[in-house]
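Got a structure here, written out as C-alpha cells. Questions coming.
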Amino acid sequence: MYNIPHMSSSKEFYVANWKQSGKRGEALKWVLEMGQEKNLLADMNKVIIVCPPLKALDLMEQEILIKQLPIAVGIQDIDVKIFEGEKNTGAQSPALLANSATYVIIGHSETRRNNKLTDQDVVNKVKASQDAGLITIVCVEEVNQAKKLKELFGNYSGIIAYEPPSAIGTGNAASPQDANRVAMKIKEVLPSTVVLYGGSVDGKNIKGFVQQSEIGGVLVGNKSLDASFFKDILRNA
Ligand code: PGA
C-alpha cells in the first residue's frame, strides 16, 4: 500500500472526490492517463489521493499498485453503525475497507444533508475509521462544525476540508482570501489539523488557494474525474 508521508510533512494534499462517477473503463483510463506522467507526479512533492465509488475501489488500488504510481486511495464515507464484530448485512465495515483504502472522507456536506447526519454521527464515523487505521478527511461547511468536532471528539488530529456548500459543484469557488480566513479560524479550534479547501477548484483558480498560508491542499470534485483536468490542477498549483 501507498507509503503515507507524516501529517506534519510540508506536502500539500490533492484529493480527487469522484462521488458516484467512475465506471470500470473510466477508472482504468484515469489511472492510465495519470501513469503517463508518473515521473512528474513523483517529483511534485504532493500527496495525491483518489476517492472512487466503492465499486471501483479495489480495481483502482490494484492498478495504481501495478503501475507503482504515487497515488493513495480513499473512500467517500463509512457506515456509522458498524463496529468491529457486529453483523450487519449490506453494510461496509471500515476494517474491511481499510484493506484497500488509506483515507476516508467523512461528513461531506452532501452526505450530511442526504443522510441527515448529526455531528455525533460524524464523530462516530471518525472514531470507527481511525480505529480501523484509516486517515480521516472531515468536511466542514463552516467553523461551527469544526467546533462541534472539538466538543464531541476532543483534539482531532487529521485532515479537515473546508467546503462552503455554495461553492460545491456550482462553478462559484469561494475567494482564496475568504477560504484562508476560515481555515485560520478552524486551526484556532483544532490546531493539529491540515485544512484543505474544496468547492469548484479548477486549473485556473488552484494557485490562489494553495498560495494561502493556512490552506494545505484541495478537495476536488468535478475537475478530478478527467485525468487531464486533474493534472492541470496539479501542474498549476
Ligand atoms: P466540486 O466538488 O469540485 O465539483 O465543487 C467538490 C466536492 O467534492 O465537494
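Treating only the Cβ atoms of Lys and Arg (+1) and Asp and Glu (-1) as charged, compute the dipole magnitude of the range 115-237 about its Cα centre; round to the nearest 20 debye.
160
Further question: At GLN92 and ASN115, where each label point lies 7 Å from the Cα along Cα→Cβ, what is the point-to-point distance in nanometres?
0.9
So, one more: What is the sum of charges around SER166, taking Lys and Arg as +1, Asp and Glu as -1, for the other residues whose C-beta is under 12 Å from the C-beta of SER166?
Result for the neighbourhood of SER166: -4.
Could you quote the convex hull projected area for the chain, Cα atoms only and averaged over all directions, in nm²?
The orientation-averaged projected area of the Cα hull of the chain comes to 11.7 nm².
Moving on. How big is the dipole moment of the chain about its Cα centre under a simple scheme where the beta carbon of each Lys and Arg is +1, that of each Asp and Glu is -1, and everything else is neutral? Debye, nearest 20, please.
160
Tell me, what HN-Hα J-couplings in whole Hz come from the Karplus equation 6.51 cos²θ - 1.76 cosθ + 1.60 at θ = phi - 60° for each residue of the range 224-236, using x for Gly and Pro?
With the stated coefficients, the range 224-236 comes to 9, 6, 8, 4, 5, 5, 5, 5, 4, 4, 5, 5, 7 Hz.
Only Cα pairs within less than 10 Å get springs; with that Gaussian network setup on the chain, which residue of VAL140, VAL122, VAL189 has the largest fluctuation?
VAL189
Right, next: Which percent of the accessible heavy-atom area of the chain goes to carbon and sulfur, probe 1.4 angstrom?
The value for the chain is 47 percent carbon and sulfur by accessible area.
Expressed as a whole number of Å, what is the distance separating the alpha-carbon centroids of the range 169-196 and the range 42-80?
Using only Cα atoms, the two centres lie 24 Å from each other.
Could you sort the peptides 179-186, 110-117, 222-229 by per-residue average Cβ neighbour count (10 Å cutoff), highest mean leading?
179-186, 222-229, 110-117
If one puts a single equal scatterer on every Cα of the range 123-227 and applies the Debye formula without solvent, what log₁₀ I(q)/I(0) results at q = 0.21 Å⁻¹?
Taken in order of the listed q values, log10 I(q)/I(0) reads -1.06.
Would you tally the net charge around LEU59, using a Cβ to Cβ cut-off of less than 11 Å, leaving LEU59 out, and scoring K and R as +1, D and E as -1?
Here the count lands on -1.
Could I ask something else about it? Taking the dipole about the Cα centre of the range 131-204, with the C-beta of Lys and Arg at +1 and of Asp and Glu at -1, give me whichever of GLY169, ASN155, GLY199 is farthest to the positive side.
Positive-most Cα among the choices belongs to ASN155.
Say a paramagnetic label sat at a point 7 Å from the Cα of ASN236, along Cα to Cβ; which residues of the range 194-216 have their backbone N under 15 Å from it?
199-211
Just the number please: accessible area per residue for the chain, 1.4 Å probe, all protein chains included, in Å².
47
Going highest first, how would you order 154-164, 37-47 by mean Cβ packing within 10 Å?
154-164, 37-47
The values are calculated or read from the model by the stated rules, or taken from the named source; none is laboratory data. Values in this document were obtained by computation on a predicted structure and should not be read as measured data. So basically every Cβ, Gly included, is an ideal-geometry build from the backbone, and we count neighbours across all protein chains shown. Accessible surface areas use protein heavy atoms only, side chains included; no ligands, DNA or RNA. Shrake-Rupley method; radii C 1.70, N 1.55, O 1.52, S 1.80 Å.
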